[in-house]
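Asks: Below is one structure. I have some questions about it.
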Amino acid sequence: MFRYSLNRFVPGQMMVEALTLANYQKFFADSFYQDVLFTTLWVSAVSTLLCLLAGFPVAYFLVRQASAKWKGRLLLLIILPLLMGNAVRTAAWMVILGDKGMFNAAIGTLGLAPVKLMYTPLAVIIGLVSVMLPFMIVTLQSVLEGIDENLESAAASLGAGHLTILKRVVLPLALPGLLAGTMLCFILSMNAYATPVLIGGPSFHMMAPTVYQQVAKAMNWPFGAALAFVLMAVTLVLTTAANMLVQRHYRRWSE
């Protein structure tokens, strides 16, 4: 991919072998593509944060509160959407979030004015969270299963409250799972295609659809490869930095 990004684009020939940084110069010289990368970053970060905030309580409930009978049923409901294609789930959100969709119909019965959700960043974030949330829940659930409940009981017997137990016992032990779930959701969000295209509309741009547009529509393979390499490099740098930071705090808590 990196080698392709160093080639030149010639109309009619698609790609001519060369060793040039012109494609990267084009990316850094054009604010449009930088805005696309920035949009991809903040949408992915917000989506991942929401998955973490929603997924941890659900996973903790499954492990500590739900009975064995209901745990299996609830996990099945959580995993069931993964059996459908991403495009199918995204199409369902289009029906729900449309101007005359189910959401506006529901609030209309309460006498409220319709809300413009479709083709907005908020709609894309909702769609991404619905796709990534099962991955976060399953990842955290498997990690929380490995935490001995006696540790929480011992902390409670010493007078620790629920928040103290969560902060001093559960979170430090669950940190590797939190990191794994967060990195998984962030990487999937950074590379999302169907959700931004179908829910975001033609005026909303993220990196993966932009790469596809350059490769499949503009037939500019070198520039598409450069965009893909930038996306991969940024994702790799951010996830590696986050991993190093979390591992440092994890070692500090373990001492």
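Asks: Hey, which of the helices (runs of 4 or more DSSP H) in the range 41-111, taking only ones fully inside, have at least 3 residues that are surrounded by 15 or more Cβ atoms within 10 Å (Cβ to Cβ)?
Replies: Output list reads 68-79, 86-97.
Asks: Quick check, is S142 free of Cβ contacts under 8 Å to residues at least 60 places away in the same chain and either touching a helix residue (DSSP H, G or I) at 6+ places or on another chain (Cβ under 8 Å) or surrounded by fewer than 18 Cβ atoms within 10 Å (Cβ to Cβ) (or both)?
Replies: In short, yes.
Asks: When you check S189 against the structure, is it among the hydroxyl-bearing types (S, T, Y) and either outside any helix (DSSP H, G or I) or touching a strand residue (DSSP E or B) at 6+ places or on another chain (Cβ under 6 Å) (or both), yes or no?
Replies: Taking the combined requirement at face value, the residue does not satisfy it.
Asks: Next question. Taking only the range 95-119 into account, find how many residues are closer than 26 Å to T39 by Cα and either aliphatic (A, V, I, L, M) or in contact with a Phe, Trp or Tyr (Cβ under 8 Å, 6 or more places away or on another chain) (or both).
Replies: Counting residues in the range 95-119 that are closer than 26 Å to T39 by Cα and either aliphatic (A, V, I, L, M) or in contact with a Phe, Trp or Tyr (Cβ under 8 Å, 6 or more places away or on another chain) (or both) gives 7.
Asks: In the range 1-56, how many are of a type in the set (A, V, I, L, M, F, W, C) and within 24 Å of A192 (Cβ to Cβ)?
Replies: Looking only at that region, the number is 20.
Asks: Here's something else I'd like to know. Yes or no: L117 touching a helix residue (DSSP H, G or I) at 6+ places or on another chain (Cβ under 9 Å), touching a residue at least 60 places away in the same chain (Cβ under 8 Å) and buried (at least 17 other Cβ atoms within 10 Å of the Cβ)?
Replies: Considered against the rule, which asks whether it is touching a helix residue (DSSP H, G or I) at 6+ places or on another chain (Cβ under 9 Å), touching a residue at least 60 places away in the same chain (Cβ under 8 Å) and buried (at least 17 other Cβ atoms within 10 Å of the Cβ), L117 comes out as no.
Asks: Taking the stated definitions as given, is M1 of a type in the set (A, V, I, L, M, F, W, C), surrounded by fewer than 11 Cβ atoms within 10 Å (Cβ to Cβ) and either touching a helix residue (DSSP H, G or I) at 6+ places or on another chain (Cβ under 7 Å) or at positive phi (or both)?
Replies: yes
Asks: Tell me yes or no: at least one residue of the range 144-165 is at pLDDT 85 or above, small (G, A, S) and closer than 23 Å to L83 by Cα.
Replies: Among the residues of the range 144-165, not one is at pLDDT 85 or above, small (G, A, S) and closer than 23 Å to L83 by Cα, which makes the answer no.
Asks: Ok, one more. Suppose we filter the range 33-92 for residues that are in contact with a Gly (Cβ under 7 Å, 6 or more places away or on another chain) and at pLDDT below 90; how many remain?
Replies: Number satisfying all stated conditions: 1.
Asks: Those residues that are more than 12 Å from L227 (Cβ to Cβ) and either aliphatic (A, V, I, L, M) or modelled with pLDDT of 90 or more (or both), I need them from the range 13-32; list them, please.
Replies: M14, M15, V16, A18, L19, L21, A22, Q25, A29, S31
Asks: Which one of these is over 22 Å from G177 (Cα atoms), touching a residue at least 60 places away in the same chain (Cβ under 8 Å), among the small types (G, A, S) and out of contact with any Cys (no Cβ under 9 Å at 6 or more places or on another chain): A105, A91?
Replies: A91
Asks: Another question, if that's okay. So which of L184, L163, L173, L178 is within 21 Å of the chain's Cα centre (by Cα), without any contact (Cβ under 8 Å) to a residue 60 or more places away in the chain and within 22 Å of M136 (Cβ to Cβ)?
Replies: Answer to the selection: L184.
The values are calculated or read from the model by the stated rules, or taken from the named source; none is laboratory data. Since the model is a prediction, treat every value here as computed from it, not as a measurement. Note: ideal-geometry Cβ built from the backbone for every residue, glycine included; neighbour counts use all protein chains shown.
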